[in-house]
Each structure stands twice: as structure tokens, then as C-alpha cells.
1. Which ordering of W144, W91, W111 is given by a fewest-first count of other beta-carbon atoms within 10 Å?
2. Assuming a ≥ b ≥ c are the square roots of the Cα gyration tensor eigenvalues, decide whether the stretch 65-178 counts as rounded (a/c under 1.5), prolate (otherwise, with a/b larger than b/c) or oblate.
3. Report the net charge of residues surrounding A17, where surrounding means a beta-carbon distance below 13 angstrom and charges are Lys +1, Arg +1, Asp -1, Glu -1.
4. Considering the Cα trace of the chain, what is its radius of gyration and what is Dmax, both in angstroms?
5. Just from its helices, what would the mean residue ellipticity at 222 nm be for the chain, if runs of 4 or more DSSP H residues each count -39500 (n - 2.57) and the sum is divided by every residue, rounded to the nearest 500 deg cm²/dmol?
6. Between E209 and T126, what is the label-to-label distance in nm when each label sits 7 Å out along the Cα-to-Cβ direction?
7. Just tell me which lysines come within less than 20 Å, Cα to Cα, of K184; anything on the same chain fewer than 8 places away is out.
8. Only residues of the stretch 244-285 count here: report those whose backbone N is under 15 Å from the spot 7 Å along Cα→Cβ of V173, or say none.
Amino acid sequence: MGGALERTLTPPSLAVAGGILRLCLLASPADLEGLRLGDGLGAYCRYRPGGTLAILRRVLAAPGGRVAAALAGDTLVGHLTLFQPDPEERWGGRPEAGLLELGTLEVDRTWRRRGIARTLLAALCTDPRLEAAILLAPQYAADWDLPGTGLAPGPYRQLVLRIFRPHGFAEFVTDEPLITADPKNCLLVRVGRDAPAALYDAFRATLTEGGPPSYPDADARHQHYLGSGLTSIRQINQLPAEEREAIYRHLIPPRVIRLLGLDPTTGRDAAGNRLVTYVCPVDQGFSRIEVRDQRQALDCTYLLKLTQPSEEFVEIGFIIVNDPRAERFAVDQDPVGLPGILAGARNPQEEVRAMRAGLAPGQVRRGLRLFREVLPLVESFASALGKAQVSIEALHYHHAFLYEGCGFGYLTGRDRLEEIHRGFEAGGELARRLDGATPFRKPEAAATVRGRSWAIHDGILGEPWRVPRLYKIVGQAVGLPTFGACPY
């Protein structure tokens, strides 16, 4: 890492039930002198007497070895080790400066459930020099203290992931025999923001025997990665740019590629302008694909944001499809041209124009009616990651209608949608409120989903729109409509 780390960590102490713990960094075997080991330590050595001390001495005697320690007085109650990978490990066979390994992360059994493990990891990861490094954290089920926690292997693995993920760690796929020996094992990796590309390439070459495979074309690379055990968007984001883009570009509908005359591989038009942008932070679990008809275009022709709110779902966080040839309505700006969201104001004049042109709330241009083409692409992507469901939020009333028609059911909000439908039927409370007081509250608005949506956007509910959340099982339709026979 270059240079000794500070002997104290940030924060230097932690207040927990039972006292104040001192957090510090041990840098040599001599630092262990005078320390007593807590009686509840020893998971990594099957609680053999002297085993933990031997592990820590070996780490501190190794080149670059460090131990982040939590001390209650002179008693060690938690430790996290950092060292250069062992030469006997695949990633240590050819030492690379900046490639480091986190070994033990353990808290004394009597001091658990007080945030000590999370604090030690957070304190270590705040060192700015680690942003130029790659941290490996192999997780071996054989080292888990299942008896001490009372957890089964599945929940214990989820606990480990919850501790590491907030600090930028993601699962990486490898055929390293020590990892593949048990399906519960995994390799967690944190790629620092400033990690050199050469370091990443050298590390990546260690993940599979013989180094990374070569592919005859982009489609072959895409098929390899989506069939190689990747389970998260964050993992894809950790791939080199050309490899993650080879995966994400399959989420762009072919009709958008044809409409804009783009090269499907490069995302460039005939003049060489790159019109496709991929936003996929290496330490985040989301990706955003933006396609414009011109480089400086205000609006995206196609925008898709995918996230993973849980292990089971891929969520469509946002989707926009605009016809770039259609008239634009400034419904996203206030009457003087400021962004409406920032100004906290609507633009009723533009909204009336948009409504009369057949648009729904939130649309700045006529759409391309592409959702039914996008959904199979997202389902295929989710399935390749091992996810069985796709979720989405209905930001407007009419969205719920459109998503229902594509086979989505409700996680939340179904009862409210049914209540609203009844309210707009003849004699219902919402139908009575359609008194013509504004252009959006004409009595005929109750007859269509789009009309109802404009009335709701205009505040006819008397309360903010409660955004429903819907889900779809990959390859299946739920089919539980809440709109009756009301047309769009």
C-alpha cells in the first residue's frame, strides 16, 4: 500500500453496551505483547487454544500485514486482518502492488450484535490509500461460526453480504478451486475508485484458470458473462467498460437502434457521434442506459434504469421512450421555463396542450409504444442473473393500467387502485368531483384511464398519489386487473 497506516483508526473509539472500545491498527507482532485475547474469539481456528494468536502473529509478520483491532482495555474483542495474498493462492502467485486481501473478520462471541464488525470494516475502508487498491475478501463457509450465531448457512451468508456490500464489495465469479469447493463460498472484491486499469486487468486474469477467455465477437462475450454465474448488476458494473457495455446494450430495443440509424455495437450514428451512454458506477447496484437522437439533445429517446432492491428482484427504476420527431410539450418546466421539479410548480397551459394532443401526465413527447418490446429484454436479463421476478413502480395512475396489461400484479397499492376505480364509476365520489372546475376535471374524464390520470394529477384525490409497486414473474403473467373494462 505504500507507507505505514496510522496506528489509530477513524473513529478511534466505539461506544457500545458494555463500555468504550478502542480501535487501533496493529503493525507488527510486538504490538500483540501485553494484549489478552477474549475468550469468545477463535472461529477461524476451531477455538483451539493459541490458534487466534498464531494467526495474528503470522499476518503481522508478513509483508504489509496489518490488524485492525477492537480493544476493551487490554483485551482484544474484535479483529480484521489485511495482508498481501499468499503466494499459494491464485491471486498471490504473481504479486501485484495494490492487490490486498482481507482475511479474518471476527468479534468475540460475548461482544457481538453491537456493530463492531461493521465499524472495523468501515474504519479500514476510510483510508484514502485503499482507493488505489483492490481488496479481496474470500468467504469460506467452513470458517463461519454457525453455532455461535444460531444461524443457518443461508442467513449467515446474507449477514456477511450485508456487512460488506455498503463498503463497495461485490461478488466476483471465479473458478478458483478453494472457492468452488463449496457452493456457499464466494469471492467478495472491492475495486478502489482510483485502482489502475493495469491492476484490474492483472487481477481479472487470476479469476479463471488460464486468464480471461477471448471471444469471436461481442455477442459471444455477452453470452459468456450472462451464463457465467453473475448474479448482480454490481458485479456487471465491475467488469471492464467494453465487457459491461456488451451486456447492457442488449437492453436497447432494436427499433430504437433502427430509428436512430445506430451501429448496434458502438452506439454511434453514421457521422460517428456516440449517442448511447452507459452510467454504471462500479460501487453501485444500478445501471442507466441513455440513448439520444443527437449528442446535445435535451430529452432521451430511450432511457432505462435498472436496480436490484433485493436478491430476488430486478427493478425497472425508470423508463422513458420518446418519439424524437414528435412535438415537445414543456410540462416539465414552469411557465417561465424553470425545471418544474426545482421550481415546485406546474405548467397548466402546457399540460392542457399535452392532454388535448393525447398525451398522459408526465409525457413531454408522444411515445413509441415500446414497453412490450423492452419488457422481454429486461426479463431475459433478470433470468440470466438468476432472478425470478421483475418489479416496477407506477409513478402515475395510467402506468398501473399499462403494467397490468403486460402481466404485472401488485406488491403494494392494489386495494387503493380498486377504490379509485369504484370512485370514478357512475355515482362514485371521484366522479362527482369531476365538476369542470379545471380543464382536467371534465365529467368525461371518468370514461378513460388517461382522463382519470390527468384528474388525479390535478389533485382530485385530495391527497398525494400513493405510488403502487408491481411485480411480474419472469415468463408469466399475473393478470389481476383493477380497472374493469375502462379503456385507456
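Derivation of every value follows stated rules applied to the coordinates shown; laboratory data play no part. The shown structure was predicted, so the numbers you read here are calculated from the model rather than taken from an experiment. Neighbour counts are summed over all protein chains in view; Cβ atoms, including those assigned to glycine, are modelled from backbone coordinates with ideal geometry.
1. On the way: W144 19, W91 26, W111 22.
With the fewest neighbours first, W144, W91, W111 line up as W144, W111, W91.
2. Numbers: a/c = 1.73, a/b = 1.26, b/c = 1.37.
Oblate shape, in that a/c is at least 1.5 and b/c is the bigger or equal ratio.
3. Values: positive: R112, R113, R114; negative: none.
Net charge around A17: +3.
4. Over the chain's Cα set, Rg and Dmax evaluate to 27.7, 84 Å.
5. -7500 deg cm²/dmol
6. With each label point 7 Å from Cα toward Cβ, the separation is 4.4 nm.
7. Filter leaves K387.
8. 244-248
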